[in-house]
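Everything below concerns the one structure shown next.
The values are calculated or read from the model by the stated rules, or taken from the named source; none is laboratory data. Remember, it's a predicted structure, so these values are computed and weren't measured experimentally. Note that each Cβ is placed from the backbone with ideal geometry, even for glycine, and that neighbours are counted across all protein chains shown. Quick note on the areas: whole protein, heavy atoms, side chains included, nothing else; ligands and nucleic acids left out. Shrake-Rupley method; radii C 1.70, N 1.55, O 1.52, S 1.80 Å.
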2 protein chains.
Amino acid sequence: MLDRTDLLILDELSKNSRIKMKELGEKVHLTGPATSARVAKLEGNGIIQGYTIKINQEKIGYTIHAIIQIYMKDTNHQPYQTFIKKQKDYVINNYKVSGESCYLLECKFPSNEKLDEFLEGLSKYVSYKLSIVINNK
Amino acid sequence: MLDRTDLLILDELSKNSRIKMKELGEKVHLTGPATSARVAKLEGNGIIQGYTIKINQEKIGYTIHAIIQIYMKDTNHQPYQTFIKKQKDYVINNYKVSGESCYLLECKFPSNEKLDEFLEGLSKYVSYKLSIVINNK
DNA sequence: TCATTTTACTTTATTTATGAAAGGAGTTAA
DNA sequence: TTAACTCCTTTCATAAATAAAGTAAAATGA
């Protein structure tokens, strides 16, 4: 299904998704139009789900990166899910997981005040364990 | 430092980083060159760290998404870090965290065999708790 | 206060990239 | 062998990016 060239294209687009088709073509030894057709195919079959940017969250004021293990108090997850949906500014990912906890919630906050406020709300619905990210190497 | 227009630009580029500067300009009520200059500034000051793609990992054979809590057996983290550096194919993020565990390791695997192999290696250096991601809503 | 500089933008013109169309080479299958 | 596909290249028209020049408003400073 995917050959070496496709994987190379994915790799290059991961590193720089705004690369020109001509330049990407040079990297994978194809012409611009051939490369463009390959990329369109990868979009069409859903392997490329979208084009996005990496934002330095600290530089835009989100200095706290938290990962929170969520334990349900109740079998009904809906109140928790509804709460999370309202916190789009803070929530990066809300993973349902197998293992010790029920969810792993990845969030960003601009201050301890906002984090505290969030946890106050959260604790109405679930129990949690908080981890704060120090680095990512 | 960042005004409303900058935040709008970041938002639009997050949704589609390959958008034309002219089209992005229309969304934020600027001309192409003005938009282009704003974006260049956001790149220059490091707020935009890079342009990338979202890849559907399942469609390229990575069906297992795991998050692993890491507990050090020893005060020396180096053997663990060295091991992780060798596992680039599988490791998405290796967060050093405060809280219960020392690290939160996010990984992807193409099969239970590869996951098992990885865990066998991992257990030489650290203790761990494994969570498998079911969904992300 | 008023002149000067800076910043942020628009407009225009040139360069560059994209995307459509035509065609060729290699592969597969009747 | 021939037809149908796939995947590519080349060519060319169109569209976008970029550089340069100019403008207007805001900030700076004597």
Of everything in region B:82-137, what is in contact (Cβ under 8 Å) with a residue 24 or more places away in the chain, open to solvent by 30 Å² or more (accessible area, probe 1.4 Å), among the hydrophobic types (A, V, I, L, M, F, W, C) and at the interface with another protein chain (Cβ under 7 Å from one of its Cβ atoms)? Give them in sequence order. B:130, B:132
Starting from residues that are exposed (fewer than 13 other Cβ atoms within 10 Å of the Cβ) and assigned to a loop (DSSP other than H, G, I, E, B), keep the ones in region B:17-41 and report whichever is farthest from DNA strand C (Cβ to nearest atom). B:20
Just to check your reading of the model, which residue among A:19, A:55 is under 30 Å from residue A:94 (Cβ atoms) and within 10 Å of chain B (Cβ to nearest Cβ)? A:55
From the list B:9, B:48, exactly one residue is open to solvent by less than 20 Å² (accessible area, probe 1.4 Å), within 16 Å of the chain's Cα centre (by Cα), over 21 Å from residue A:39 (Cβ atoms) and within 16 Å of DNA strand D (Cβ to nearest atom). Which is it? B:48
Inside region A:65-80, can you point out the residues that are open to solvent by less than 30 Å² (accessible area, probe 1.4 Å) and more than 16 Å from the chain's Cα centre (by Cα)? A:69, A:70, A:80
